[in-house]
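For reference, the structure is listed below as structure tokens.
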Amino acid sequence: MRNKICTVLCSATVLCQLATPSSAATTINFLLKQVDQDSEVAQFAYIDGGKVLIRAAGGDPQYDLLFQQASETMTIIDHNEKTTLDIDAARVGALANQAQGMIDIVRQQVEQEMEGMSEEQRQKVQAMIESLGGGQLMETPAPPQPKEVRKIGVQTINGYTCESMEVWEGDVKISEVCAAEAEEIGIPAEDYRVIEAMQAMSRKLSEQTAKITAQMGQNVPQFGNADTPGVPVQMKDKAGNTMTITQVSAGIGNADLSKPEGYAPKQMPTLPQLTQ
């Protein structure tokens, strides 16, 4: 379940700055290329009435992702199981705090056990912990390095003119972005405000889980790109995953931006379920 949630929400990474609602309905076509896939996946985002629907989120046709600005909720729609899972900051925060508390207790217990050990014994215990994937439990996460945006130049991608930028965290490049003003690529200002709402929620979710994911060996997708202004026409993250807009058009056709009728609601997984 943990991996499914991360995979599905990765689509929000590329669309947190591309969602739009209000009276001016919008469709965004984009290509998603993930490093663990051989080919690009064509995807669609439909925006209308304060909602954003991402079809085949994460490139998996089993899942859709629905964002609702009014309730600040992201819903994972599972078409195979015919279920919906609502995710919001309060629920994720409670789970993150529970996990952090467990990690702190485990770290304290291990440190106490190791105090009376010889150097050789400590090394053996440390090697065992690392072999089980918990080596970072014994480490305090380093504070984030200051970020720097380096402007590279202007280019045109699929007919959209955008400014190329690199985002660096210390001496590590964490993303490459070519961004444009929303209205210049056909997204009305009123719609872009919903983009910002989705971005803000995504950033909050990421901040809540960042304390535990590094220690648990998990990667949390960054659901927005708060480091660079505008809409990313093309974006490449640190891992090498890329997103490219191919078309922005008015209207959403026959898309239905609501939870499917008859789908059963699911609850957020508990900590024991996530760690299984």
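The values are calculated or read from the model by the stated rules, or taken from the named source; none is laboratory data. Everything numeric here is computed off the predicted structure, so don't read it as measured data. Cβ: placed from backbone, ideal geometry, glycine included. Neighbour counts: every protein chain shown.
Brief remarks follow.
- Restricted to the stretch 67-86, and to residues there that are modelled with pLDDT under 90 and in a strand (DSSP E or B), the residue that is surrounded by the most Cβ atoms within 10 Å (Cβ to Cβ) is Phe67.
- Consider the stretch 79-89 and keep the residues that are among the charged types (D, E, K, R) and in contact with a strand residue (DSSP E or B) (Cβ under 6 Å, 6 or more places away or on another chain). The one that is farthest from Met201 (Cα to Cα) is Asp86.
- Qualifying residue in the stretch 221-236 (condition: surrounded by 15 or more Cβ atoms within 10 Å (Cβ to Cβ), more than 22 Å from Cys178 (Cα to Cα) and modelled with pLDDT of 60 or more): no
- Evaluated against (1) modelled with pLDDT of 65 or more; (2) part of a loop (DSSP other than H, G, I, E, B); (3) among the β-branched types (Val, Ile, Thr), Ile195 falls short on exactly one condition, (2).
- Qualifying residue in the stretch 250-264 (condition: modelled with pLDDT of 90 or more, of a type outside the set (Gly, Ala, Ser) and more than 28 Å from Leu85 (Cα to Cα)): no
- Residues in the stretch 162-179 that are in contact with a Gly (Cβ under 8 Å, 6 or more places away or on another chain) and either buried (at least 22 other Cβ atoms within 10 Å of the Cβ) or among the charged types (D, E, K, R) (or both): Cys162, Glu163.
- Residue in the stretch 129-152 that is small (Gly, Ala, Ser) and at pLDDT 85 or above present: no
- Among the residues of the stretch 65-82, the one identified as of a type in the set (A, V, I, L, M, F, W, C) and over 17 Å from the mean Cα position of the chain (by Cα) is Ala70.
- Count of the stretch 23-53 residues, restricted to those that are within 18 Å of the chain's Cα centre (by Cα), touching a residue at least 40 places away in the same chain (Cβ under 8 Å) and more than 16 Å from Thr246 (Cα to Cα), is 5.
- Some residue of the stretch 54-64 being more than 17 Å from the chain's Cα centre (by Cα), modelled with pLDDT of 80 or more and either farther than 17 Å from Ser202 by Cβ or aromatic (Phe, Trp, Tyr) (or both): yes
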